[in-house]
Amino acid sequence: MTKKHKKVKRKVDFLVLSDIHLGTYGCHSKELLKYLNSIKPKVVVLNGDIIDMWQFSKRYWPKSHMQVIHKIMNWVNKGVKVYYITGNHDEMLRKFAGNKIGSLVIDNKLVAELDGQKVWIFHGDVFDVTMQHSKWLAKLGSHGYDFLILLNAFCNWVSVKLGREKISLSKTIKNSVKKAVKFINDFEKTAADIAISKGYDYVICGHIHHPEIKLIETDEGEVMYMNSGDWVENLTALEYHHQEWKLFRYDDKDFEQDEEEHDELATLDNHQIFSKMLDGFMEATNGKELKLKP
């Protein structure tokens, strides 16, 4: 019997993920796990809305969602630098901004230098007028969006059964509604204007679920605007490697031949996975007492 060789993980110097929305029906956690298991990052930035605390319910927390958390914490336990940048759906964590737990850092923004280039990273909800002035309306819209994603999943199930291509209702709606297109354009321009005024070479956001890499030029200068997209409808991430930024887009075809990474989590439930994750973290931090400053 021939021994199967473990697939070599793809190296990534700097990884940016956002808008995973763990705890919602729309989260593509299984696809995300396949992606996370295929790479070996040096630095990871979780740019907001990772856990959806607006819609979090004890009744819905699938094993694959817990496995995503376990995977990220495994990186932390191995010394991989992980920055958790808070977003509007996980805004409860903002009171812990500035805290460091092992190699995990919680903050509201990040300024990094990559090969002499200054990169400004933040979630982006600060530009959302609806968020600032009518949070209840934003939450109502979030529930409507979650329902649309559920409806989309059903439509795609039917579509695949009929041998047709998958569709994205939310993207189709956003691309056809003039106000939505204007909002995205205004969002990108606002981020670019501020980044240029501060002298940054790159600005990276999430929030609007619109993956992008493009140069924005104004009378004041230019900046490379990037958005990491999401893991609800676009299934995208930003990767920096060999001094180059790329937008990763998940495709089932790229992972068809991959065997699922064998691990002991397969036979464990959520409580056991959490216990194992906690044990690993305590071992990595030498059992030191954790003190969070509010």
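So if I check each of Leu46, Leu36, which one is part of a strand (DSSP E or B), open to solvent by less than 10 Å² (accessible area, probe 1.4 Å), farther than 19 Å from Glu244 by Cβ and modelled with pLDDT of 85 or more?
Leu46
Looking at (1) in a loop (DSSP other than H, G, I, E, B); (2) surrounded by fewer than 22 Cβ atoms within 10 Å (Cβ to Cβ), which is the only condition Cys27 fails?
It is condition (2) that Cys27 fails.
Run down His89, His70 and say which single residue is under 21 Å from Ile273 (Cβ atoms), open to solvent by less than 30 Å² (accessible area, probe 1.4 Å) and not in a strand (DSSP E or B).
Testing whether each residue is under 21 Å from Ile273 (Cβ atoms), open to solvent by less than 30 Å² (accessible area, probe 1.4 Å) and not in a strand (DSSP E or B) leaves just His70.
Return the residues of the stretch 215-234 that are assigned to a strand (DSSP E or B), open to solvent by 40 Å² or more (accessible area, probe 1.4 Å) and touching a residue at least 12 places away in the same chain (Cβ under 8 Å); say none if nothing qualifies.
Once the filter is applied, which keeps residues that are assigned to a strand (DSSP E or B), open to solvent by 40 Å² or more (accessible area, probe 1.4 Å) and touching a residue at least 12 places away in the same chain (Cβ under 8 Å), the stretch 215-234 yields Thr218, Glu222, Met224.
Under the condition of being among the aliphatic types (A, V, I, L, M) and closer than 15 Å to Tyr202 by Cβ, which residue from the stretch 235-251 is most open to solvent (accessible area, probe 1.4 Å)?
Among those that are among the aliphatic types (A, V, I, L, M) and closer than 15 Å to Tyr202 by Cβ, it is Leu247.
Given Lys95, Lys81, which one is over 14 Å from the mean Cα position of the chain (by Cα), modelled with pLDDT under 95 and among the basic types (Lys, Arg)?
Sole residue among the options that is over 14 Å from the mean Cα position of the chain (by Cα), modelled with pLDDT under 95 and among the basic types (Lys, Arg): Lys95.
Name the single residue, out of those in the stretch 196-213 being touching a residue at least 24 places away in the same chain (Cβ under 8 Å) and outside any loop (DSSP other than H, G, I, E, B), that is farthest from the chain's Cα centre (by Cα).
Among those that are touching a residue at least 24 places away in the same chain (Cβ under 8 Å) and outside any loop (DSSP other than H, G, I, E, B), it is Ile196.
The values are calculated or read from the model by the stated rules, or taken from the named source; none is laboratory data. Quick caveat: nothing in here was measured; it's all calculated off a predicted structure. Neighbour counts run over all protein chains shown; Cβ positions are idealised from the backbone, glycine included. To get the accessible areas, we keep the full protein, side chains included, count just its heavy atoms, and leave off ligands, DNA and RNA. Shrake-Rupley method; radii C 1.70, N 1.55, O 1.52, S 1.80 Å.
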